[in-house]
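Since the structure comes first, as structure tokens, the remarks are kept for the end.
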Amino acid sequence: MKKNAKWILLALLLVLLIVGASGLYNSLKDKVEPSNLVAEATTVPSEEPAADPNATAAPAATPRPAAPDFTVYDVEGNAVALSSMVGKPVVVNFWASWCGPCKSEMPYFQKAYEQYGEMVHFMIVNMTDGMQETKESAKAYVDKQGFTFPVYYDTDMDAAMTYGASTIPATFFVAADGSLVARVRGAIRLSTLEKGLSMIME
């Protein structure tokens, strides 16, 4: 009997340890997981001579690349080009309603849209291939979730091909001048989305 009680106590302690470790991981994961945000800025050596002949020249930043243009369609079927958004920063996100990681990040885009929608264009681009994803299935999902951000449909796959969005989700941050500032391949966390927004709202 004492042996059974000892095993039961050990099993309970093991369960408590697993539950505690899981809770600790969930509370700390945003602080320790590396960000998958990649900045597009590059550097080249400065051509100006350094004041101190023994000092090495600091690299000078090169201009960011222009965000490649594409055309998608709004819910009414009107063509909308990324270039028409120049003048405000733009967040471009590629998603589909069948994509689990895409669905996990949608509430973050809704929150960001509610907070920054007056200052930033949000182009939430649905990968509407007409087979696995249709405009109807995408719209039904958005309506059911109550999302209010603007959704665009990539029925010609122009945007996906232009940005190499062969895997989704994928997010791109474009400055008001039309330059590509940063990108995220894979699901985005709220903290990473906010960091990307801060980079294009400077």
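Each value in this text was obtained by applying a stated rule to the coordinates, not by laboratory testing. Note that this is a predicted model, so its numbers are computed, not measured. All Cβ positions, even for glycine, are placed from backbone atoms using ideal geometry, and neighbour counts span all protein chains on display.
Considering only 83, 171, 157, and ranking their Cα positions along the charge dipole of the stretch 37-200 that arises from unit charges at the beta-carbon of Lys, Arg, Asp and Glu, the one farthest toward the positive end is 171. Potential lengthening of the chain between residue 129 and residue 198 amounts to 21.6 nm, from the contour at 0.36 nm per residue minus the alpha-carbon distance. Restricting the calculation to Cα atoms, the stretch 37-200 yields a radius of gyration followed by a Dmax of 18.0, 66 Å. With a Förster radius of 30 Å applied to the beta-carbon distance between residue 191 and residue 119, the computed FRET efficiency rounds to 0.95. Close amide H partners of residue 179, meaning residues 5 or more places away or on another chain with modelled amide H under 5 Å apart, are 67.
For the stretch 37-200, the dipole from Cβ point charges (+1 on Lys and Arg, -1 on Asp and Glu) about the Cα centre works out to 520 debye, to the nearest 20. Taken about its Cα centre, the stretch 136-202 carries a charge dipole of about 340 debye when Lys and Arg each add +1 at the Cβ and Asp and Glu each add -1 at the Cβ. Pairs with C-alpha atoms separated by more than 18 Å, drawn from the list 103/135; 88/135; 111/144; 103/195; 144/195, are 88/135; 103/195; 144/195.
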